[in-house]
Every structure is written in C-alpha cells, then in structure tokens.
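The values are calculated or read from the model by the stated rules, or taken from the named source; none is laboratory data. Not measured: the values here are computed from a predicted model. No Cβ is skipped: glycine too gets one built from the backbone with ideal geometry, and neighbour counts run over all protein chains shown. Accessible surface areas use protein heavy atoms only, side chains included; no ligands, DNA or RNA. Shrake-Rupley method; radii C 1.70, N 1.55, O 1.52, S 1.80 Å.
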Amino acid sequence: MRLRFLFAANRAALALASAVFSLALNAHASPQGPEPKSAAEMAAAADPYDPIVAQIAAERISDWNYSQHPFDQEISSKFLDQYIDSLDYFHMFFIQSDIKDFEKYRTNLNVLTLRDKDLTPCWVIFSRFMERVHQRMNLTSNMLNSATFVFTNNDRFVLNRHDLPYAKDLNQAMDFWHEEVRCEYLEQLLTSPDVQFTGRVSADGKGRPVVTFKRDKLHPANFDLLPGKLLAKDGHEVGAVEIAAGQSNATVRLDLPAPAMAAKVTNLIYSATGQELGDVTFHHEKQEAASTNSDEIQKPRNNDEPAAMQAETGTNLMAVIHLERKDMAEIHKTLTNRCSQLLSHYKDMEKDGLAFERYVTSLARAYDPHSDFMSHISAENFAIQMKLSLFGIGALLGKDNDYCKIVELKEGPAKKSGKIHQDDRIVAVAQSNAEPVEVEGMTLDQIVEMIRGPKGSQVTLTVIPGDAPDASTRKHVTLVRDEIKLEDQEVKSRIFESPGPDGAESRVGVINIPSFYADNDNASLAGGAAKSMTSDVEKLIVRMKKEKVGGIILDLRNNGGGFLEEAIRLTGLFVPAGPVVQTKEPSGEIAVEPCHDDRVLYDGPLIVLTSRLSASASEITAGALQDWNRALIVGDHSTFGKGTVQTMQSLRPFLRQYLKQNKLAYNPDYDPGQLKITIKKFYRAAGVSTQLQGVLSDIELPSRLNADTNDIGESALPNALPCDKVESANPENLNRVRPYVAELKERSRQRVAASKDFDYIKEDIAQFLKMRADKSLSLNLDGRKAEQKSLIARADAIKKERLSRKKLDEKVYDLTLQNADMARLQLAAIKPGAASASTDPGFDDDSDTEAVTEEAAVDPALDEARHIMIDYIALANKEEGLSKAGIR
C-alpha cells in the first residue's frame, strides 16, 4: 500500500532572510571572507548527477501531481518566481537589475530542465544571491566596527518588504541594509540584559558583607563595567570595588547592614553626580545536596565565615549588583556573531546541496504548496518525524561557528555513557574500525549523517569538552548506536479533577496529539503492532475509562497532520464502521475511506480543540467527527484548510534505470533523494472539501490567529489548489452534539465575555491589527523604550491579577505512555489554578518571604474547552452545569 501523508506547509524555508541576524551562536568571527564562487564554479563543484536528477524529478512531478499540468511555460514562470522567493522572500537581497537578468529564464526552464538537463539558472541565480549576501554582510560588519548609531529621529523601518519592489539599484539596497542593521542594533539594545554581577557573600571581621565575583571562563565578566565606588544617594560610600590583576575576580566590600537585614530591601547605588546607577540585592540560591551525610551537608563552605552568615538549610546567600547600562562590547560581539553565522549558513547551502534542493523544490511548489523535493538527509529527517524514532547516539546538534556543538542530550547512548555533555564540541567522527574524519567546517547535515547509523554499530567521537580550559583539549568517546525514541513528541494527556455539583469528583481527560505519526516501515515486522499515534491514544483512553473520566478533549491545536491512515483509525475509536473521508484521483475517480471496526472504544462526551494551525489529517478527524455529529469542535474560527494528500517516492530506481539505459556508471550507495507529491484531494464524509476553508468551529473562541488569515492558512499560500465538493457519503448522524450546541455556545459566550484572560487576548488582537496596518517599526530609542516599558507594565499587571485570583479546587494528573500502566495516577509537577509567570529555576526568595508557587501555563482556550465539557456532560445528563463557578 502506498503511504499517504498529510501535513501543512510552513514558510520557514521561504522566510529564511526575515532578519539579518537570525542565527546567533557564541563564536566570535568576522563575516569578511573569500568572494563568492561564480555560477560556473558552483556548477563544477556540484554533484554530477544533479542535472539528471532534476530531469527525472520534473518528469515525475508533471506526470503524478494532482493538477496533471504539463511542465510548460506557465509552470516555468511560476518555477522562476518560486526559486527567487525561496532565496529572497522579503526583497532585501536582489536588486531590480538582478530580477531583469533572470527574466531570460521565465519561459524556458522547462526546456532547460527536461531536454537539455541544464541547471545554469539554478547556479546563476544562487551565485548572484551569494554576491548580494557578501555585500550585505560586509556592510554590516563595517557598520558594527565603525558606525555611530543614533536613534533620536522618528524614522521607521519596514520589516516585511515582500509586497514592496526590489531595490532599484545597489545604492538603494545598501540604504535598506543600513537601516536593517540599525533596526537590529536597536532591538539588541532593548532586549539585551542590563549589566549584572552575581557573587557569593561572606563577611569581614566586623560582620559586614563581602561579595566575591569570579570570572567564568566561557563567558568572562568585564569587571571594568563596575564603578570604582558604590555611593548612596547622599554621596557617602557604601561599597568599594577591588579588581584582581588579569580580572580573574573582583571583590566588593559593602558598608551595608548585615545581610539578614540587607536582604529585606533594595539598596540603590548612585554616581558622584547623583545619577541612579542600579542596585544591590541579596537572595538565597538553592543548593543541591551532594551527600546524605548530615555532617558533610552542615560543613561551612568558608571556615572564616561566621555562623550567622551560613546559608539556611539548602541555600547559600548571594548578592547581585545590577547596573542600568548595557555591555556594548557584548552587543557588538553578539551582532557580529549573528552576521557571521548567517553568512556561514548561506555558504552551507552551496556545500550541502541545499541550493539544488531548493531549486527542484521550487519546481514542485509551482504545482502546489505541498509538493517537495527532498535530498537524502531531508527525507531521512522527514521519516524520523513521521515515526518518532531514529538510530543514533541521542544528541541534538548545532553549529558554533565552524564547530559542531552538542546542544542537548536525549535518552540514549551519549547520555548513558556519562562521557558526553552539553556544550561539548565534536571535531572528528570515526566509524567502526576506521580512521577518524575531521568535521570542522563541514555542514551540520553532513556531520549528522556520519553520526547516525545502524542499531548496534559503533561510532567514535573526538570532542573538545565544553568546560575545557582551551581548544587543544581532546577526548575520544566510543558509543554503540541505539534506537532513540522522540518521546517528547508523542501523544500525552492529563486528567483534570474538580468537585461536581453533588460534591462528587468530576474528571475530564485532555489528550494532546502533536502529529499523526506511525512507524509503518516496521509495522509488518511487528505484526501490525508497530508504533502509531492511534495505538498510543487508545492506550491513554483505556486508562481514562478506568479512571472514570466524564468527557474527553482531543487537543489538535498546532497539529500539522501526518499519515492519512492514522486520521481514519483515530476517528474509528469514536464512531462505528462507516465513512471517514473521501479522496479524489486526478482522473476524477472518488473513493470512500471508511473505518471498519464497529467496536467503539469511547462513546462518551467528546470535544475536539482546534486552531488555525490544525491541518490536513487533523482536519480529516475534526471534520469526520463533526459530520457524524459525534464531537463538538471548539477553537479558532477555522482550521488551516489543507485538503490534499501527498505520497513519498524515491528517485533512486529511476536514476538507476536511466544510467543503465545510457550505459553510465552507477554507485549503488548513492541516494538522489525523494519527491513528496500531491496525488489526491480529500473531502469530508459529507462531501465538502476542507481545501482553503478548513473546518469551522461549532464554538469559536477569541484568538489572534483568527485575525492573521492573510499570512496563515492554505489561502495564504501561492499556487494552492481550488476548493470544490463531491457527493456526500452519508455518514450516520449520531446526534450527540447538535441538541446542545445552542445552549453550550451561549454559556461559553457569557464566560468569555466575563473572562479576564480573553480580554487580554482581545487586546493582543487589537495591538496586532494596529501593527499589521502600520507595517513598520520605529527606530526611535526613547519611543521604543516607552513602548517596552508599557508592555512590561502590562505583563506585570496581568501576572499580578492572575496571582490574585482564587485558586481552583482541583487536581491535575499527568498521564503519559510511560506511566499509563502504573497502579496510581501521577500528580502533575505543577499545581493547577491561577497561572503565574515562571521564576528563575536557580533563584529562591529569602526564606522569610512567602513563597509563590509556580502555576500551570496560561491556556484560556483549553480552560474554556474544559468548562464547555463540564456543561456538555451536565446537559447530556440533564444536570445543572458546573462551569459557572470556574469563571475567571
């Protein structure tokens, strides 16, 4: 059976150049470098199979795509526009003369690709793009090194220039780039933290606090930013600063009350002219107990420190000197690094074949927004996301200038070894019984491909430890590859328990489904029991039924889709055998896709929570349950609106056949990649297509995404297929929702109208609409500071209002695939009720201050869906609703 995929397109690839500084890492390097290669040099360095692969891909796309449109001049024109947009969506690189030069390709890309196997347009356009990238990066570097930035005028900068003309010439382009650097510099001024030093407190012979600041070898503090003296408002000295030679550390002796008293107040410090510079505060830092030996735990950290200065049990006294100024050297370093990293990223596009991949994908996107060409590594990454597993070492990797850095460790061989840590840098990779290969300067995809491999095979990494004193330190770690489960992307759930009308407990289950995943490659080997989203949901529902939940909410928000078969199987858990979705072939032939099992796993009250980003397979499930009148749809006005089906097709057999017919050499290990092609359209069981219009909610909730349909949704994508409909497949009307919709909608309307959280969302919508209408950003520092201050004040007021609310009398239980079989439910790590912003995990207020419990993240839509469910249960049972008591 051909596997079918459904997922929503996103603009991440097209919007790569949305800001000059979008790929920040810590390495410090200048973007200046060798001049970009010419088109001829790029073509000579490219994979020699590329022209043949492009021809084969073009033939397959035009033959198999649902539209059945030949690769003619019309498609050629769209192809050209797609490729240019994929490189410069925001019209910030190319100039008008560049676009004019490219016009010679507008009507002949079909001939060049199919007949001539000529990729000249790919490399000519990309070479010109890289030329502009170098010019832009060099201007940025020169500005950061020499320019003076002034932000006192009332000028503004347009961030999204997609609908504006390209710069008329290079001078105008440089004017744009100049303003963009200013915009990013201002943004960094506003968002970078104030200068702050944190040190441990001890005491001198008179019991007065002495603070020692130590230099961090990875992020060394610039102690020159400290004033020589800390003065009170009246000018008397409250602190003296001593900086050790080489800035290895700094000591501040404070003429302040004993820390036990000083910790109760904020101690402001001033300059000699009376200007407020900042403040000194104290707090207790949580201390991890390394031993259960009581004598060891109680041992003082500093034998010279009086007993009164010892930290309370489990804490250590720390002092923070905060200065109301920015570290300008650090800002310069950050912006320079970002510039360098962006240039490196674009260079990697050439080295890693991404320019060619983007070129052929642009051809596929000329047919519809969901068809793609994927290189071998891209297809492998896509497969990993679809089945939530891979074979490797369990490390999330990133680039740190020319180094490959370990960003995060998952459960797997690397973490279990105890020899690999976050921030370690990989400099070489060796396979079993092979010499190590230096990876410095390689693209991230190339390194990832070397580290992944068959289960049970060995890989040896040469790494520079993250805490190494210098880059000459090396260690070698041999790991055995294993299967890595991406458990954080699996289905997960919670059970919310609150008092019912008669004092009995009322339970509502919420199942969050991030995607419609399945490991179909191994299904036959596992006897049909391989990993799948539906099997995971089934396991959670079985436990929820055991826990006697009164209703279940399927949370499909932000779910971009996945396997069509999983959407059908999931729907079948809630309805008897019958039609779920219809598909139409390019020939017009229509097939009804049913669920076959009359056994309904769950027959109770059901809500599907959706958003504008719920797409494809999500829309099939939501639409089917709505057509059957089985579930209430709650959320944004409508879902994404993707009504098409894709399939994956490897190009390897076609390339092999071509080379054999033409008696050319072929490497059997070579993988040219795969096509993801739109082959069908799907329609709801009732006959209406979700294409463009999506699934409408029965109860619509306020959401910013409702106001952002110009940029989010199928209707915002170029070359989207039209919406139409077919005859209904006559799904059974279970009549489980319709009798209650009007009453549920009215009760929800009243709650939403009285809800502070939805008022905040409505304010956010109004602000978003104002910003969208303006389309530009102020470059006036004082004005932006005032805006920032207003936003911070609003956020603080919202946090304060939420903390003041009466806590809800309920319990929340985490129910995961890992604990679903445990004897007892696991209470969630956070307490339910009014939400508050999270605090710094390393910070603990003074022990005399009442602790504020960190609450659940604010989720008004889910809260309201739960209230609706309680009403739904009550109406279905002809009991009085409970949710009015929960109005916020």
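Look at residue 423 and say whether it is on the phi > 0 side of the Ramachandran plot, under 25 Å from the mean Cα position of the chain (by Cα) and not basic (Lys, Arg). So residue 423 fits the description; yes.
Quick check on the stretch 426-433. Is at least one of its residues of a type outside the set (Lys, Arg) and touching a residue at least 40 places away in the same chain (Cβ under 8 Å)? Steps first, answer last, please.
Kept after step one, since they are of a type outside the set (Lys, Arg), are these residues of the stretch 426-433: 426-433.
Cutting the leftovers down to touching a residue at least 40 places away in the same chain (Cβ under 8 Å) gives us 427.
Yes, some residue in the stretch 426-433 is of a type outside the set (Lys, Arg) and touching a residue at least 40 places away in the same chain (Cβ under 8 Å).
Going by what's in this entry, would residue 448 be described as in contact with a Cys (Cβ under 9 Å, 6 or more places away or on another chain) and in a helix (DSSP H, G or I)? Yes: the conditions hold for residue 448. Within the set 657, 646, 661, 626, the sole residue that is within 32 Å of the chain's Cα centre (by Cα) and farther than 20 Å from residue 517 by Cα turns out to be 626. Residue 83 meets the conditions (1) surrounded by 22 or more Cβ atoms within 10 Å (Cβ to Cβ); (2) over 30 Å from residue 585 (Cα atoms); (3) among the hydroxyl-bearing types (Ser, Thr, Tyr) in every case but one. The failed one is (2). For the stretch 651-669, filtered to residues that are open to solvent by 40 Å² or more (accessible area, probe 1.4 Å) and either part of a helix (DSSP H, G or I) or in contact (Cβ under 8 Å) with a residue 60 or more places away in the chain (or both), the residue that is nearest to residue 59 (Cα to Cα) is 654.
Here 802, 794, 866 are screened, and the one residue that is modelled with pLDDT of 90 or more, under 30 Å from residue 198 (Cβ atoms), of a type in the set (D, E, K, R) and open to solvent by less than 60 Å² (accessible area, probe 1.4 Å) is 802.
The number of residues in the stretch 589-601 being assigned to a strand (DSSP E or B), among the β-branched types (Val, Ile, Thr) and touching a Pro at 6+ places or on another chain (Cβ under 8 Å) comes to 1. Within the set 569, 557, 599, the sole residue that is without any contact (Cβ under 8 Å) to a residue 12 or more places away in the chain and either open to solvent by 10 Å² or more (accessible area, probe 1.4 Å) or touching a helix residue (DSSP H, G or I) at 6+ places or on another chain (Cβ under 9 Å) (or both) turns out to be 599. Take the stretch 189-228 and flag every residue that is modelled with pLDDT of 85 or more, out of contact with any helix residue (DSSP H, G or I) (no Cβ under 8 Å at 6 or more places or on another chain) and assigned to a loop (DSSP other than H, G, I, E, B). 193, 194, 226, 227, 228 - these are the residues of the stretch 189-228 that are modelled with pLDDT of 85 or more, out of contact with any helix residue (DSSP H, G or I) (no Cβ under 8 Å at 6 or more places or on another chain) and assigned to a loop (DSSP other than H, G, I, E, B). State whether the residues of the stretch 39-48 include one that is modelled with pLDDT under 95, loosely packed, with under 14 Cβ neighbours inside 10 Å, under 18 Å from residue 673 (Cβ atoms) and touching a Phe, Trp or Tyr at 6+ places or on another chain (Cβ under 9 Å). Yes, the stretch 39-48 contains a residue that is modelled with pLDDT under 95, loosely packed, with under 14 Cβ neighbours inside 10 Å, under 18 Å from residue 673 (Cβ atoms) and touching a Phe, Trp or Tyr at 6+ places or on another chain (Cβ under 9 Å).
The residue pairs whose first member lies in the stretch 708-736 and is in contact (Cβ under 8 Å) with a residue 12 or more places away in the chain, whose second member is part of a loop (DSSP other than H, G, I, E, B) and among the aliphatic types (A, V, I, L, M), and whose beta carbons are closer than 6 Å, counting only pairs six or more residues apart or on different chains, are 714/692; 714/720; 715/692; 717/9; 723/692; 728/686; 729/685; 731/685. Note on the stretch 315-348: residues that are surrounded by 17 or more Cβ atoms within 10 Å (Cβ to Cβ) and assigned to a loop (DSSP other than H, G, I, E, B) amount to 1. Checking each residue in the stretch 707-729 for being farther than 17 Å from residue 645 by Cα and surrounded by 18 or more Cβ atoms within 10 Å (Cβ to Cβ) picks out 712, 729.
Among the conditions (1) touching a Gly at 6+ places or on another chain (Cβ under 9 Å); (2) of a type outside the set (Phe, Trp, Tyr); (3) under 27 Å from residue 702 (Cβ atoms), the only one that residue 787 does not satisfy is (1). Taking first residues from the stretch 61-76 that are closer than 20 Å to residue 673 by Cβ and partners that are loosely packed, with under 13 Cβ neighbours inside 10 Å and modelled with pLDDT of 95 or more, the Cβ contacts under 6 Å between residues at least 6 apart in sequence or on separate chains come to 62/70. For residue 472, the conditions (1) open to solvent by 20 Å² or more (accessible area, probe 1.4 Å); (2) in a loop (DSSP other than H, G, I, E, B); (3) touching a residue at least 12 places away in the same chain (Cβ under 8 Å); (4) not hydrophobic (A, V, I, L, M, F, W, C) are fulfilled apart from (3). Listed by first and then second residue, the pairs linking a residue in the stretch 362-380 that is open to solvent by 20 Å² or more (accessible area, probe 1.4 Å) to a residue that is part of a loop (DSSP other than H, G, I, E, B) and modelled with pLDDT of 95 or more, with Cβ atoms under 7 Å apart and 6 or more places separating them unless they lie on different chains, are 365/371; 365/719.
Of all residues in the stretch 741-759, which are buried (at least 19 other Cβ atoms within 10 Å of the Cβ) and either more than 15 Å from residue 864 (Cβ to Cβ) or of a type in the set (Ser, Thr, Tyr) (or both)? Within the stretch 741-759, 748, 755 qualify.
Within the stretch 149-162, the set of residues being open to solvent by 90 Å² or more (accessible area, probe 1.4 Å) and either within 13 Å of residue 92 (Cβ to Cβ) or in contact with a strand residue (DSSP E or B) (Cβ under 9 Å, 6 or more places away or on another chain) (or both) comprises 154, 156. Of the residues making up the stretch 388-428, those that are over 30 Å from residue 333 (Cα atoms) and open to solvent by less than 30 Å² (accessible area, probe 1.4 Å) are 388, 389, 392, 393, 394, 412, 413, 414. For the residues 586, 579, the requirement of being assigned to a strand (DSSP E or B) and farther than 30 Å from residue 708 by Cα singles out 579. Of all the residues in the stretch 477-514, those that are in contact (Cβ under 8 Å) with a residue 24 or more places away in the chain, open to solvent by 70 Å² or more (accessible area, probe 1.4 Å), of a type outside the set (D, E, K, R) and more than 30 Å from residue 874 (Cα to Cα) number 1.
With the structure loaded, tell me whether residue 443 is hydroxyl-bearing (Ser, Thr, Tyr), at pLDDT below 90, open to solvent by less than 50 Å² (accessible area, probe 1.4 Å) and out of contact with any Leu (no Cβ under 6 Å at 6 or more places or on another chain) or whether it fails that test. Quick ask: steps written out before the conclusion?
Values: hydroxyl-bearing (Ser, Thr, Tyr): yes; at pLDDT below 90: yes; open to solvent by less than 50 Å² (accessible area, probe 1.4 Å): yes; out of contact with any Leu (no Cβ under 6 Å at 6 or more places or on another chain): yes.
In short, yes.
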